[in-house]
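Chemist: The structure is given below, and queries will be raised subsequently.
The values are calculated or read from the model by the stated rules, or taken from the named source; none is laboratory data. Every value quoted in this text rests on a predicted model; they were computed, and no experiment measured them. Cβ sites come from the backbone with ideal geometry, for glycine too, and all protein chains shown count toward neighbours. Side chains are part of the model used for accessible areas, which takes the heavy atoms of the whole protein and leaves out ligands, DNA and RNA. Shrake-Rupley method; radii C 1.70, N 1.55, O 1.52, S 1.80 Å.
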Amino acid sequence: MWIQHTGKDTAKREYDKSLRSLGLDYLDLYLVHQPLGDYYSSWHAMQDLYGEGLIKAIGVSNFHPDRLVDLIIHNDVVPAVNQVETHPFHQRAADQQLMREHGVQIESWGPFAEGRNDLFTNPVLTEIGAAHGKSVAQVVLCWLIQRDVVVIPKSVRPARMAQNLDVFDFDLTDDEMTRIAALDTGTSMFFDHRDPAMVSWLGGRRVD
Ligand SMILES: NC(=O)c1ccc[n+]([C@@H]2O[C@H](COP(=O)([O-])OP(=O)(O)OC[C@H]3O[C@@H](n4cnc5c(N)ncnc54)[C@H](OP(=O)(O)O)[C@@H]3O)[C@@H](O)[C@H]2O)c1
């Protein structure tokens, strides 16, 4: 549910629109895209739809720990998922631990950092891939899954989609996990969701 669609009535209307677009009777999972705008009212609408069985699970995206905990303590339904930027250069171990403590499943968007920071030619990931006869993309997905992170890689190419699904026949060693852990920069490869200029831009008002 995009930022401009927050609010209780708007959220329910957008849910109906999504159902019609998809040609479905219910949704498996529906997420609040950002903790911006009147997302509390959206959450109340989503809790209602969830209670009526029209959504099987409801969740959030791009919620920093403070926003996540605030939403949890003031509402009835704990988000099933928090979809956040997670990849070798932004690993979010502490955020994942907090989510675990609250029963929220971390899900990675941008598992390949969309190729930023030369991810697909990174020497450590390439060497680990060679040791297993796997690509860098497969190493990254295996590493995330081994960390209990749900992954949603994107590709428009069928061969890469097949490659990205073929990651369940190998495991990374403790040493390999440690080497990948050392690639963490602790920061986003995209932008800071808390930057006021970005908040304004996302909300539809540019600040130059
Ligand atoms: N909640 C949010 O705020 C948010 C933000 C961003 C993204 N997302 C979601 O996250 C999902 C994935 O993220 P993303 O698309 O941003 O980034 P991503 O999955 O990290 O990277 C996608 C890029 O990697 C390439 N790629 C995919 N598989 C590959 C492979 N095996 N080998 C080499 N290159 C490969 C793709 O190219 P080709 O397509 O040409 O193969 C594409 O350029 C999407 O479903 C997206 O909607 C959510």
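Chemist: Give me the helices (runs of 4 or more DSSP H) completely within the range 122-208, filtered to those with at least 1 residues that are within 29 Å of GLY103 (Cβ to Cβ), ordered by residue number. So that I can check it myself, show each step before the final result.
Modeler: Working: elements: 123-132, 136-146, 158-165, 174-181, 196-202.
Ranges flagged: 136-146, 158-165, 174-181, 196-202.
Chemist: Turning to a different aspect of this structure: Give the residue, chosen from VAL124, VAL81, VAL77, VAL136, that is touching an Asp or Glu at 6+ places or on another chain (Cβ under 6 Å), of a type outside the set (Ser, Thr, Tyr) and open to solvent by 10 Å² or more (accessible area, probe 1.4 Å).
Modeler: Working: VAL124 fails: touching an Asp or Glu at 6+ places or on another chain (Cβ under 6 Å); VAL77 fails: touching an Asp or Glu at 6+ places or on another chain (Cβ under 6 Å); VAL136 fails: touching an Asp or Glu at 6+ places or on another chain (Cβ under 6 Å).
Among VAL124, VAL81, VAL77, VAL136, only VAL81 is touching an Asp or Glu at 6+ places or on another chain (Cβ under 6 Å), of a type outside the set (Ser, Thr, Tyr) and open to solvent by 10 Å² or more (accessible area, probe 1.4 Å).
Chemist: Another question about this same structure. Across the range 9-51, what is the total count of residues that are among the acidic types (Asp, Glu), surrounded by fewer than 17 Cβ atoms within 10 Å (Cβ to Cβ) and closer than 19 Å to GLN83 by Cβ?
Modeler: So the count comes out to 1.
Chemist: Any chance you could count how many residues in the range 162-208 are in contact (Cβ under 8 Å) with a residue 60 or more places away in the chain and among the β-branched types (Val, Ile, Thr)?
Modeler: At the first step, the residues of the range 162-208 found to be in contact (Cβ under 8 Å) with a residue 60 or more places away in the chain are 180-181, 183-190, 193-194, 199, 202-204.
Now drop any that are not among the β-branched types (Val, Ile, Thr), which leaves 180, 185, 187, 199.
Here the count works out to 4.
Chemist: Enumerate the pairs (first residue in the range 110-126 and touching a residue at least 60 places away in the same chain (Cβ under 8 Å); second residue anywhere and part of a helix (DSSP H, G or I)) with beta-carbon separation below 6 Å, excluding pairs fewer than 6 apart on the same chain, so at least 6 apart or on different chains.
Modeler: ALA113/LEU119
Chemist: OK, next. Among residues belonging to the range 53-74 that are open to solvent by less than 10 Å² (accessible area, probe 1.4 Å) and in a strand (DSSP E or B), point out the one that is farthest from the ligand (Cβ to nearest atom).
Modeler: First, pick out the residues of the range 53-74 that are open to solvent by less than 10 Å² (accessible area, probe 1.4 Å): 55, 58-61, 63, 68, 71.
From what is left, the residues that are in a strand (DSSP E or B) are 55, 58-61.
Details: ILE55: 17, ILE58: 15, GLY59: 10, VAL60: 9, SER61: 4 Å.
Looking at residues that are open to solvent by less than 10 Å² (accessible area, probe 1.4 Å) and in a strand (DSSP E or B), I get ILE55.
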